[in-house]
Amino acid sequence: MLLPKYLFLAGGSISWLLLFTSGLAIAYFVERLLHYHRAQINSTEFLNGVRTVLKKDNVVEALSICDATPGPIPRLVKVAILNRERGREGVREALEEAGSIEVPRLEEKLNVLATIAQVAPLLGLLGTVLGFIDIFQAMEKSGGFTHFGAMSAGVWKALICTAMGLAVSIPSYIGYNFLVSRVNEIVLDMEKASTEIINLITEKPNGKNG
């Protein structure tokens, strides 16, 4: 019987490949999670601050606030302020163009997690097939009278690779869907902020530098 610490090694090269993919999935998940944490701000509080500054016709300070605040919403607000002379439709077009740039930035690298979630079970299946190949090779060498101990290595490889493939795939898929939900929340905030900043900018008849 294999001791627990040797179970991983029994999976062969596929288990090492799955271990690498799991590390990759963790790294991308953490990186995206931190990125979304920085990108999601209190848009209401931020817009209230910009509104207060713009009411004083201090456009330079408003732009400085946008530059100092991380995330896509401040960048959208900055675009709206810089295009304020174009009128309501002009500001809306500028925001749509900026939004089409920001959304792909948010979705960046998510495809890696989705790919790992899909490929990991296939790698596990490959390991299972290789395990069965080892079993049949052992049977062939023994002429059909094979003791179970001679086939155990192949059985262990098949089971461990299957288990590892699922163990990598399931958390990756859950993590992917969680991050997608975070992206949807940020995009919704962006849409709300865009509407508010359009109203804010266009309600000022003299949006000139202060």
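The values are calculated or read from the model by the stated rules, or taken from the named source; none is laboratory data. Quantities reported herein were computed from a predicted structural model and do not represent experimental measurements. Glycine also receives a Cβ, built like all others from the backbone with ideal geometry; neighbour counts cover every protein chain displayed. Just so you know, the surface numbers come from the protein's heavy atoms only, side chains and all, with ligands and any DNA or RNA stripped out. Shrake-Rupley method; radii C 1.70, N 1.55, O 1.52, S 1.80 Å.
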For segment 12-90, using Cα atoms only, the Rg and Dmax in Å read 20.2, 69
Label corresponding to Kirkwood radius over Cα pairs in Å when calculated from the structure given, among (1) 18.8; (2) 20.8; (3) 19.3: (2)
Report the number of Lys pairs in the chain whose alpha-carbons are under 21 Å apart, with separation of 8 or more residues or on distinct chains. 13
Of the heavy-atom accessible surface of the chain (probe 1.4 angstrom), what whole percent is carbon and sulfur? 64
Which whole-number value in Å² is the accessible area per residue of the chain, probe 1.4 Å? 58
For the chain, what is the calculated [θ] at 222 nm in deg cm²/dmol (nearest 500), taking -39500 (n - 2.57) for each run of four or more DSSP H residues and dividing by its residue count? -29000 deg cm²/dmol
Cα-centred dipole magnitude for segment 61-163, charges only on beta-carbon of K, R (+1) and D, E (-1), debye, nearest 20: 220
